[in-house]
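Colleague: Dropping a structure here in structure tokens format, bear with me for questions.
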Amino acid sequence: MIVMDLKEKRGLVFGTGKSGIGAAELLEDMGSIPVLYDGNEKTDPAEVKSRLKEGTKAEVFIGNLPEKEIDKLSLVVLSPGVPTDLPLVLHFKEKGLKIWGEVELAYAFGKGDVLAITGTNGKTTTTSLLGAIMEHARNSVFVVGNIGNPYTEAVEQMNEDSVTVAEISSFQLETIEHFHPKVSAILNITPDHLNRHHTMANYIAAKESIVKNQTRDDLCVLNYNDEVLRAFGKTLEQKVVLFSSTETLDAGLYLQENEILWARNGKTEHIISVEELNILGAHNYENVMAAVALCDGMGVPMETIREGLRAFHAVEHRIEFVCKKNDIAFYNDSKGTNPDAAIKGICAMNRRTVLIGGGYDKESVYDEWIDSFDGKVKQLVLIGQTAKKIAVCADAHDFHDYVFADSLEEAIDIAYETAEPGEAVLLSPACASWGMFDNYEQRGDIFKAYVRNLKE
């Protein structure tokens, strides 16, 4: 690991959310004087400081960061939500300041092996599954990153035998320097976060950078069905394992009817039957294949991998069954924050479905999502900033069975009234939660609580 001497040096943490607090506390524990900054003038500095350890020497600046304070800095740590092209960040770069993200900071002081997963969709499920399997195989396992557990909070508990399983977003990959996973995976790449990355090429480059410090002794797992990733794999020096849910591979993991198989070294090995799993859908079988390859790359025995797969249950907020009301099944897929993820939610439904969609506009396009309805969606209930944009797209694809709602609660009421016994109601927004909710977890929790209180 790359260790930076931070003793008595001032390190700025840009962002006061969960990862920002974790970064500030790690800096202080490493002997630095943390400086927390939030550009939102409504942020309460006293509230920020109350979330830090008692007796902290951290300083908090809100709204304006004086130039004299910038001149004192040795390091800047950006929270994932802070764009790297903000004028203030560009100013830091002009002054020659080292700029890291929370992931890079954690890696600099962490110990043990790192397993890293990125991709547009499936990251959380794969990371959770990978963590569960590794916990069967190793004594010291940390599941961190974009999954909701700040990487920096785990660092001081690590030892040389630890394994860190990290879900890494494109935002986090923008600021890596030395971050070096022993095994990595890019699950897929579809348009997302273009309001942040501006072009698809930038987004792809961010995702692919997860391998930039890997050597020929390391492993990268890639989705064969993704043309970008299939081509990318041919450029890599490190070991590459491919997986596919639709193609029979001469080398790699693939799905054949109800079996996951692995072709390698001239032989085909049965890994597991999908009927043994507690998760549904071809997209989840892809996540399983990726997890198998990653664990195998860490030397985990195949029978241990199988045990972990059989014990694993679906991740919260990802096509999560909530309950039945009047024989109407309610599913929470709040993690479906982009059209491609939401397509997988629709595909997993095996009955007529009233769909709740809409939310924050990430400059996505919704054509393929609308096309995936394919007679399965009975009605689309739209909420949030993107409601009218999605409606225009639906009309263009000759889908006119949509209505608008002013809130998630109103949308649920409409869906419940529309759905008939034997049908389903699915929250799979195809959009981010921001603007209406703090995050997709809050959105999903509100959905579940309201549904459970519906009268039969």
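Colleague: Enumerate the aspartates and glutamates that Lys325 could reach by cross-link, defined here as Cα to Cα under 19 Å, with residues fewer than 8 away along the same chain left out.
Modeller: Within the straight-line limit of under 19 Å, Lys325 reaches these aspartates and glutamates: Asp333, Glu409, Glu410, Asp413, Glu417, Glu420, Glu423, Asp445, Glu456.
Colleague: How big is the charge dipole of segment 202-316 about its Cα centre, in debye rounded to the nearest 20, if each Lys and Arg gets +1 on its Cβ and each Asp and Glu gets -1 on its Cβ? Walk me through the intermediate numbers first.
Modeller: Details: 10 positive and 18 negative charges, 83 e Å.
So the magnitude is around 400 debye.
Colleague: With no solvent and one point on each alpha carbon, what is the Debye value of log10 I(q)/I(0) for segment 66-158 at q = 0.12, 0.16 Å⁻¹?
Modeller: -0.50, -0.77
Colleague: Give me Glu303, Glu25, Glu247 ranked fewest to most by other Cβ atoms within 10 Å of their Cβ, as a rough exposure proxy. Walk me through the intermediate numbers first.
Modeller: Working: Glu303 9, Glu25 22, Glu247 14.
Fewest-to-most ranking of Glu303, Glu25, Glu247: Glu303, Glu247, Glu25.
Colleague: Using only alpha carbon pairs under 8 Å that are at least six residues apart, calculate the relative contact order of segment 320-452 and give it in whole percent. List each step's numbers first, then the result.
Modeller: On the way: 276 pairs, mean separation 53.0, N = 133.
Value for segment 320-452: 40 percent.
Colleague: In whole Å, largest first, what are the principal axis extents of the Cα atoms in segment 218-293?
Modeller: Projected onto the principal axes, the Cα atoms of segment 218-293 cover 36, 25, 21 Å.
Colleague: Quick one: pull the percentage of alpha-carbon pairs in segment 109-186 with a separation above 21 Å.
Modeller: That fraction is 17 percent.
Colleague: Let me ask something additional. Can you tell which of Tyr254, Gly299, Leu219 lies farthest toward the positive end of the dipole of segment 218-364, using +1 and -1 charges on the Cβ of basic and acidic side chains (Lys, Arg; Asp, Glu)?
Modeller: Positive-end residue among those listed: Tyr254.
Colleague: Rank the residues Val300, Val365, Val163, Val13 as a footprinting-exposure proxy: fewest other Cβ atoms within 10 Å of their Cβ go first.
Modeller: Final ranking by Cβ density, sparse to dense: Val365, Val300, Val163, Val13.
Colleague: Hey, what do the phi angles of segment 122-132 turn into as Karplus ³J(HN,Hα) couplings, whole Hz, using 6.51/-1.76/1.60 and θ = phi - 60°, x for Gly and Pro?
Modeller: Per residue, the Karplus-derived 3J(HN,Hα) values read x, 4, 5, 4, 5, 5, 4, 5, 4, x, 5 Hz.
Colleague: Report for the chain the percent antiparallel among DSSP-assigned beta bridges with both residues inside it, nearest 5. Don't jump to the answer; show the numbers that get you there.
Modeller: Numbers: 17 of 77 bridges.
Looking only at bridges with both residues in the chain, the antiparallel portion is about 20 percent.
Colleague: Jot down the radius of gyration and Dmax of segment 262-378, Cα atoms only, both in angstrom.
Modeller: For segment 262-378, the Cα radius of gyration and maximum Cα-Cα distance read 17.2, 53 Å.
Colleague: Excluding residues fewer than 8 places away in the same chain, name every one of the lysines whose C-alpha is closer than 19 Å to that of Lys68.
Modeller: Lys9, Lys57, Lys93, Lys95, Lys98
Colleague: Still on this structure, please answer the following. Name the residues whose placed amide hydrogens come within less than 5 Å of the amide hydrogen of Thr56, ignoring near sequence neighbours (fewer than 5 apart) on the same chain.
Modeller: Those qualifying (amide H under 5 Å, at least 5 residues apart or on another chain) number zero.
Colleague: Under the rule a/c < 1.5 gives rounded, and otherwise a/b versus b/c splits prolate from oblate, where does segment 10-101 land using the Cα gyration tensor?
Modeller: On the way: a/c = 1.57, a/b = 1.30, b/c = 1.21.
The shape class here is prolate.
Colleague: Between Ile412, Phe437, Cys393, whose Cα lies farthest towards the positive end of the dipole of segment 356-456 when Lys and Arg beta carbons carry +1 and Asp and Glu beta carbons carry -1, centred on the Cα centre?
Modeller: In segment 356-456, that residue is Phe437.
Colleague: Given Cβ point charges of +1 (Lys, Arg) and -1 (Asp, Glu) and nothing else, what value in debye, to the nearest 20, does the dipole of the chain about its Cα centre take?
Modeller: The calculated dipole for the chain is roughly 560 debye.
Colleague: Any idea which of Gly384, Thr152, Ile210 is furthest toward the positive side of the dipole for the chain, if Lys and Arg beta-carbons carry +1 and Asp and Glu beta-carbons -1?
Modeller: Thr152
Colleague: If you don't mind, another one. Beyond 35 Å, how much of the Cα-Cα pair distribution for the chain remains, as a whole percent?
Modeller: Across the chain, Cα pairs with separations above 35 Å total 34 percent.
Colleague: If the only charges are +1 at each Lys and Arg Cβ and -1 at each Asp and Glu Cβ, what is the size of the charge dipole of segment 281-380 around the Cα centre, to the nearest 20 debye?
Modeller: Dipole of segment 281-380, to the nearest 20 debye: 520 debye.
Colleague: Among the GluC sites (Glu not before Pro) in segment 145-241, which ones are in a DSSP loop with at most 11 other Cβ atoms within 10 Å of the Cβ? Mind listing them?
Modeller: The qualifying sites are Glu160.
Colleague: Which distance in Å, rounded to a whole number, links the C-alpha centroids of segment 206-253 and segment 388-432?
Modeller: Each part reduced to its Cα centre gives a spacing of 37 Å.
Colleague: Another question, if that's okay. For the chain, what is the relative contact order in percent, using Cα pairs closer than 8 Å and at least 6 residues apart in sequence? Numbers along the way, then the final one.
Modeller: Numbers: 952 pairs, mean separation 50.9, N = 456.
Relative contact order comes out at 11 percent.
Colleague: Let a ≥ b ≥ c be the square roots of the eigenvalues of the Cα gyration tensor of segment 125-281; is it rounded (a/c under 1.5), or, if not, prolate (a/b larger than b/c) or oblate?
Modeller: Because a/c hits 1.5 or more and a/b fails to exceed b/c, segment 125-281 counts as oblate.
Throughout, read-outs are computed from the coordinates displayed, never taken from laboratory work. Please read all numbers here as calculations on a predicted model, not as lab measurements. Using ideal geometry, Cβ is built from the backbone for each residue, glycine included, and neighbour counts are taken over all protein chains shown.
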